[in-house]
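Just below is one structure, and these are the notes that go with it.
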Amino acid sequence: MNARTIVITGATGVLGNHVAKTFAAQGHSLALLDNNTEKLDSLVRDLNLPKERLYAQTVDLLDAASVHASAEAVTAHFGAVHALIHLVGGWTGGRTIQDSSVDELTSMLNQHAWTTFHLFQAYVPHLIAAGWGRVITLSLPLTVHPAPKLGAHSAGKAAQESLVMTLAEETREQGITANVIHVNSIDTKGTGKGTSPAEIMSAILYLCSEEAGQVTGARLPVYK
């Protein structure tokens, strides 16, 4: 893949760190979005990239105006945006639907659906303007095969996936692909249980490659 500008949300998490450092090592420019200033500053120091290759900002992804402002700032800094890797998320579970609270469902819809909606509205026009774009989110097979006591979580992720699949159809002829990577869990501690950040990164790199230019609207399983 030619050198591109990659936007990464949730950049300070274990997976986000791995994704950012891998893309940086390959010569790409990075726009890092997160809600934790201290951790974001630490990641910026670790990356040690020249200013022309790095933009970092704390952003509330539930605030549409702030997300739009970040898209304008990122585009002004780099001149173009080529990929959006949306890694922000959360989890709740352990209760049946009838025992779950409204707040639990609201939280999951906020973290998964609303953040995605705001990001797509703000950043996709810039991907289209660049004439080449990749959109990738992370989800889990619960959206296809629901499990008990995870209703709020699976509903939030299913709503997010619906936005991704719709975007894939809306941008199919505009040089943009939009896909979802499915994992059961992320092995952040190297225990061998779940999908490792390196394995997820391999899937991301494939979806960002020229060879995957016709792959859109897919749910790519990366789990055993």
Revision key, fill the gap. Of the residues in the range 49-66 that are farther than 12 Å from Ala31 by Cβ and among the hydrophobic types (A, V, I, L, M, F, W, C), the one that is surrounded by the most Cβ atoms within 10 Å (Cβ to Cβ) is Leu61
Point to revise | Qualifying residue in the range 57-72 (condition: within 20 Å of Ala3 (Cβ to Cβ) and among the hydroxyl-bearing types (Ser, Thr, Tyr)) | key: no
Check your understanding: Does Glu104 fit the bill of being at pLDDT 95 or above, surrounded by 16 or more Cβ atoms within 10 Å (Cβ to Cβ) and on the phi < 0 side of the Ramachandran plot?
Key -> yes
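Yes/no matrix, rows are residues, columns are (1) at pLDDT below 95; (2) buried (at least 16 other Cβ atoms within 10 Å of the Cβ); (3) farther than 27 Å from Gly27 by Cβ; (4) of a type in the set (S, T, N, Q):
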| position | (1), (2), (3), (4) |
| --- | --- |
| Gly133 | no, yes, no, no |
| Asn179 | no, yes, no, yes |
| Thr191 | yes, no, yes, yes |
| Ala198 | no, no, no, no |
| Ile204 | no, yes, no, no |
| Glu210 | no, no, no, no |
Exercise for review: Determine which single condition His82 fails, assuming it passes every other condition in (1) surrounded by fewer than 17 Cβ atoms within 10 Å (Cβ to Cβ); (2) in contact with a Lys or Arg (Cβ under 6 Å, 6 or more places away or on another chain); (3) of a type outside the set (A, V, I, L, M, F, W, C).
Suggested key: (1)
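Residues Leu127, Leu163, Leu142: which one is surrounded by 24 or more Cβ atoms within 10 Å (Cβ to Cβ) and either in contact with a helix residue (DSSP H, G or I) (Cβ under 9 Å, 6 or more places away or on another chain) or part of a helix (DSSP H, G or I) (or both)? Give the steps one after another, and end with the answer.
Details: Leu163 fails: surrounded by 24 or more Cβ atoms within 10 Å (Cβ to Cβ); Leu142 fails: surrounded by 24 or more Cβ atoms within 10 Å (Cβ to Cβ).
From the options Leu127, Leu163, Leu142, the qualifying one is Leu127.
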Check your understanding: Of the residues Asn17, Asn36, which is surrounded by fewer than 23 Cβ atoms within 10 Å (Cβ to Cβ), touching a helix residue (DSSP H, G or I) at 6+ places or on another chain (Cβ under 7 Å) and under 17 Å from Leu87 (Cβ atoms)?
Key -> Asn17
Point to revise | Residues that are on the phi < 0 side of the Ramachandran plot and either hydrophobic (A, V, I, L, M, F, W, C) or in contact with a Gly (Cβ under 8 Å, 6 or more places away or on another chain) (or both), drawn from the range 175-187 | key: Ile176, Thr177, Ala178, Asn179, Val180, Ile181, Val183, Asn184, Ser185, Ile186, Asp187
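The values are calculated or read from the model by the stated rules, or taken from the named source; none is laboratory data. In this text, all values refer to a predicted model and were calculated from it rather than measured experimentally. Here the Cβ is made from the backbone with ideal geometry for all residues, glycine too, and neighbour counts use every protein chain on show.
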